[in-house]
1. For segment 1-112, give me the percentage of DSSP beta bridges that are antiparallel, rounded to the nearest 5 percent.
2. For a quick check: sort 116, 54, 89 by the number of other beta carbons within 10 angstrom, fewest at the front.
3. Residues of segment 69-98 with backbone nitrogen within less than 19 Å of a virtual label 7 Å along the Cα-to-Cβ line of residue 139, please, listed as ranges.
4. Could you line up 52, 112, 98, 12 from fewest to most neighbouring Cβ atoms inside 10 Å?
5. Find the Cα radius of gyration of the chain, compare it with 2.2 N^0.38 Å by division, and give the number to two decimals.
6. Along Cα→Cβ, 7 Å out, is where each label goes; now give me the distance between the ones at residue 109 and residue 132 in nm to one decimal.
7. If neighbour count is taken as other Cβ atoms inside 10 Å, put 36, 63 in order from fewest to most.
8. Given the Cα-Cα distance of residue 121 and residue 20 and 0.36 nm per residue of separation, how much length would full extension add, in nm?
């Protein structure tokens with residue numbers, strides 16, 4: 001599964017305190033990496049998806065995701081917040097681990113496969129704990145390698 005998306009973008013010190021700010025930081029990193037053509041268009045897609053149902057699944061994890069024509073190639077952004085992000089989570093608690101999935105329109109299978117693999121890994125407390133304590137981008141990338 002490692003060929004489905006390029007190497008993830010890793011943000012170890014997300015500064016955002018609110019959901020909207022977290023989206024801005026993560027989307028800016030996608031744009032800087034050349035993964036999306038339009039920051040505004042992709043943010044609209046993310047917000048539209050969030051309005052369907054929050055991707056803050058609880059237990060400190062959120063997986064905002066969208067498919068949109070502005071996305072050049074499948075990409076994941078991992079962001080970690082030490083203090084937590086005020087997110088519309090199902091359990092009402094702050095989010096510390098965020099995974100933003102950016103997918104081109106014609107990648108239904110990739111989108112679902114990556115979401116499925118990520119959700120399976122996140123069911124394990126040890127995986128989440130390792131992500132919370134990882135000290136380098138490389139360590140996070142190694143932990144995520146088996147996910148996509």
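1. Of the beta bridges lying entirely in segment 1-112, close to 55 percent run antiparallel.
2. 116, 54, 89
3. 78-84, 96-98
4. Ordered from fewest to most neighbouring Cβ atoms within 10 Å, 52, 112, 98, 12 come out as 52, 112, 12, 98.
5. Cα Rg divided by the expected 2.2 N^0.38 Å: 0.94.
6. 3.7 nm
7. 63, 36
8. Working: separation 101, 0.36 × 101 = 36.36 nm, distance 2.56 nm.
Going from the current span to full extension adds 33.8 nm.
Readers should treat all values here as calculations from the given coordinates under stated rules, not as data from a laboratory. Predicted model, so just to flag it, every value in this text is computed and none were measured. Using ideal geometry, Cβ is built from the backbone for each residue, glycine included, and neighbour counts are taken over all protein chains shown.
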